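**Student:** Dropping a structure here in structure tokens format, bear with me for questions.
Please treat every number below as a calculation from the coordinates, not as lab data. This one's a predicted model, so the numbers in the text were calculated from it and none came from an experiment. In this analysis, Cβ positions are derived from the backbone assuming ideal geometry, glycine residues included, and neighbour counts consider all displayed protein chains.
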């Protein structure tokens, strides 16, 4: 893997600029990160960031949605905006010769959106359709049920799409207010990777954003995640051909030292067809259509989950099977070979995630947003290599002992009991 040095600088108005020089191709990719998204929404605002990002590219004070699309597509570039739990992100990709034009367009979209009424209504309808689609998917229902049990009223419990009720109530002024509060220079991280030098990057950002003043609008105060100390067991019935069984555990935020150990445990359980869950529950026992684990990186308290898609008649044994594999981590240390294989898989996957300019811009911009710093690369590799089997067992015992259980199954399987 080629090591690409990262240059970090900051403008007077607070914008952080990261430059990752990679001159092997005449392409520049950019990521604009803003710490916003659903984590910053009050319950009555659920989905507001999603609607905002859907409408941002649909018009500025100077350009219509069609004109924006034409400027991007006519040069074969890419430009889009999306929202996640912890951030809003604008992405761009272009050949170097068109970078100035596309970058200026990105700046115009972020700074002077017009929020056309017709586009707001169109995007609202599309999001409402997506919300309805989510309710028809067993996995999404099981995951929603799990997040609600884990987080209660905290924003992490909610879908970034919001609800039909909240989405139906938003006004244009709500979007204007959210934009003025969150889309601002002192919250902006711009990460550029490709055929561009640090001096070129700083000059470009200064030209487009240097005169952007910090607004006199206070940011909302974030309440910490509510942690429920008593695990729960919940079943939801849905007209479906299979059951989704999901076990969840509250887990550390990204800055907690135990986060690294749980990342390695996650990789051991679910990374590839030789992973423990796949081998033990799918290959040996034939229980699962789909089986895996996940541990999202979060600024606040996160969660660790294992899940299985299985026949409705297997629901009870699926719960016991998943619990047995997680409990085994708490009781038995990994062998030397198992530990090294898990490390090799995780670090290999990590290295492969930084091959393209887009991946480089994403990775280092994300580090900056999380407050990990541009040196996290070397720190992460060293931390993984130093982990021992006993440390993984200690982390598993600390966090993965009593699960929250969420099941979505057909009505006729309502007699399932906790094992």
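**Student:** Could you give the angle, 0 to 90 degrees to the nearest 10, between helix 258-270's Cα long axis and the longest principal axis of the Cα atoms of the chain?
**Tutor:** Taking Cα atoms only, the helix is inclined about 70 degrees.
**Student:** In addition: Residue separation times 0.36 nm, minus the C-alpha to C-alpha distance between residue 69 and residue 230: what's the value?
**Tutor:** Values: separation 161, 0.36 × 161 = 57.96 nm, distance 5.04 nm.
Contour length minus the Cα-Cα distance gives 52.9 nm.
**Student:** For every helix of n ≥ 4 consecutive DSSP H residues, a contribution of -39,500 (n - 2.57) applies; sum these over the chain, divide by its total residues, and give [θ] at 222 nm rounded to the nearest 500 deg cm²/dmol. Intermediate results must be reported in sequence, preceding the final value.
**Tutor:** On the way: 14 runs with 176 residues, N = 419.
Calculated from helices alone, the mean residue ellipticity at 222 nm is -13000 deg cm²/dmol.
**Student:** Tell me the angle of helix 99-111 to the major Cα principal axis of the chain, expressed in degrees between 0 and 90 and rounded to the nearest ten.
**Tutor:** Orientation of helix 99-111: about 80 degrees from the principal axis.
**Student:** For the pair residue 284 and residue 129, what calculated FRET efficiency results from E = 1/(1 + (r/R0)^6), where r is the Cβ-Cβ distance and R0 = 30 Å, to the nearest 0.05? Show your work: numbers first, answer last.
**Tutor:** Details: r = 41 Å, r/R0 = 1.35.
The formula returns an efficiency of 0.15 here.
**Student:** Run the paramagnetic zone check for residue 389: 7 angstrom along Cα to Cβ, then residues of region 268-305 with backbone nitrogen under 16 Å.
**Tutor:** Hits in region 268-305 for residue 389 at 16 Å: 268-269, 276.
**Student:** Exposure proxy check: 302, 270, 313 ranked by fewest other beta carbons within 10 Å? Can you show the working numbers first?
**Tutor:** Details: 302 24, 270 18, 313 14.
Result, fewest neighbours first: 313, 270, 302.
**Student:** For the chain, find the longest principal axis of its Cα atoms and tell me its angle to the long axis of helix 172-182, 0 to 90°, nearest 10.
**Tutor:** 90
**Student:** Which of (1) 1.17; (2) 1.08; (3) 0.99 is the computed Rg/Rh (Cα atoms, Kirkwood Rh) for the structure on display?
**Tutor:** This structure yields the entry labelled (3).
**Student:** May I pose another question? Fewest first, what order do 372, 105 take by the number of other Cβ atoms within 10 Å?
**Tutor:** Numbers: 372 17, 105 23.
Ascending Cβ contact count within 10 Å gives the list 372, 105.
**Student:** Just to be sure I understand the model, the point goes 7 Å from the Cα along the line to the Cβ. What's the resulting residue 381 to residue 238 distance in nm?
**Tutor:** So the two model labels end up 4.2 nm from each other.
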